[in-house]
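What follows is one structure encoded as structure tokens, with my remarks underneath.
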Amino acid sequence: MNPNPSGEVFAEVRTFKSLCANRSFQTGDILCSFRARATKASPSQMTVQLNADTHILLYPKILQYINHSCNPNVFFDTRRKVLRCLRPIAPGDELRFFYPSTEWDMEEPFQCNCREASCLGRIQGAAHLPPHTLQHYELSDFIRGQLEARGLAHP
Ligand SMILES: [Zn+2]
């Protein structure tokens, strides 16, 4: 007997990948360096933005599984091409970065569920956040430049 005679798709299996630390890191530590394994002209869920029309797929590839948090513990320093620790990380902690720290206008906005007190809800890129919110975060050169170009100087 068909357990769901209507044929309705009533549930789906989801796999949610994340990247977790194998050891501890202190604030300011460099976790690794990175580079582009490919360059795209438009953003996707897997890319990091370098400038207006440069979006890279990351090498090492595992870095693409770093998810978003509104209270991030790592930062993609796109000038030095290193992944930097923003606050102490313990073994097993999930590595998370603040997507709007590199992404200006995201291709696939989403509703954040990071459960941080500072959670911003809908995440769509820095272009959609007020400057007084962004000033609490470390931002890429590109994002800072975008804000400066609009007279929204970032300290
Ligand atoms: Zn959040």
Query - Index of the failed condition, residue 70 passing every other in (1) within 24 Å of residue 152 (Cβ to Cβ); (2) more than 16 Å from the ligand (Cβ to nearest atom); (3) touching a residue at least 24 places away in the same chain (Cβ under 8 Å); (4) in contact with a Ser or Thr (Cβ under 6 Å, 6 or more places away or on another chain) - result: (2)
Query raised in the report: Tally time: how many residues in region 113-129 are at pLDDT below 95 and not charged (D, E, K, R)?
Result: 4
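Might you check whether a residue that is in a loop (DSSP other than H, G, I, E, B), touching a Pro at 6+ places or on another chain (Cβ under 6 Å) and of a type outside the set (S, T, N, Q) occurs anywhere in region 93-101? Write out each step before concluding.
Step one: filter region 93-101 for residues in a loop (DSSP other than H, G, I, E, B), giving 93, 95, 98.
With the extra rule that they be touching a Pro at 6+ places or on another chain (Cβ under 6 Å), the set shrinks to 98.
Still in the running and of a type outside the set (S, T, N, Q): 98.
Yes, because at least one residue in region 93-101 is in a loop (DSSP other than H, G, I, E, B), touching a Pro at 6+ places or on another chain (Cβ under 6 Å) and of a type outside the set (S, T, N, Q).
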Report summary line: Matching residues in region 103-116 (part of a loop (DSSP other than H, G, I, E, B), within 16 Å of the ligand (Cβ to nearest atom) and farther than 12 Å from residue 71 by Cα) number 4
**Report entry** region 82-116: number of residues that are within 11 Å of residue 140 (Cβ to Cβ) and of a type in the set (D, E, K, R)
**Finding:** 1
Requested in this report: Answer yes or no as to whether residue 67 is under 15 Å from the mean Cα position of the chain (by Cα), surrounded by fewer than 18 Cβ atoms within 10 Å (Cβ to Cβ) and more than 27 Å from residue 38 (Cα to Cα).
Outcome: no
Query raised in the report: Out of region 21-45, which residues are within 21 Å of residue 137 (Cβ to Cβ), modelled with pLDDT under 95 and either of a type in the set (A, V, I, L, M) or surrounded by 12 or more Cβ atoms within 10 Å (Cβ to Cβ) (or both)?
Result: 43
Report task. Could you give me the residue pairs with C-beta distances under 7 Å whose first residue belongs to region 123-140 and is free of Cβ contacts under 8 Å to residues at least 24 places away in the same chain, whose second residue is of a type in the set (A, V, I, L, M) and within 13 Å of the ligand (Cβ to nearest atom) wherever it lies, and which are 6+ apart or on separate chains? Result -> 133/120
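Restricting to region 102-114, and then to whatever is out of contact with any Cys (no Cβ under 9 Å at 6 or more places or on another chain) and over 13 Å from residue 49 (Cα atoms), can you tell me which residue is surrounded by the most Cβ atoms within 10 Å (Cβ to Cβ)?
If we filter region 102-114 for residues that are out of contact with any Cys (no Cβ under 9 Å at 6 or more places or on another chain), which is where we start, we get 102-111.
Okay, now just the ones that are also over 13 Å from residue 49 (Cα atoms), so 108-111.
Details: 108: 9, 109: 14, 110: 12, 111: 8.
Selected residue: 109.
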Report summary line: Taking region 117-148 and keeping only residues that are more than 18 Å from residue 43 (Cα to Cα), within 14 Å of the ligand (Cβ to nearest atom) and surrounded by fewer than 13 Cβ atoms within 10 Å (Cβ to Cβ), one is left with 117, 118, 121, 136
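The values are calculated or read from the model by the stated rules, or taken from the named source; none is laboratory data. Computed from a predicted structure; not experimentally measured. Here Cβ is always computed from backbone atoms with ideal geometry, including for glycine, and neighbour counts include all displayed protein chains.
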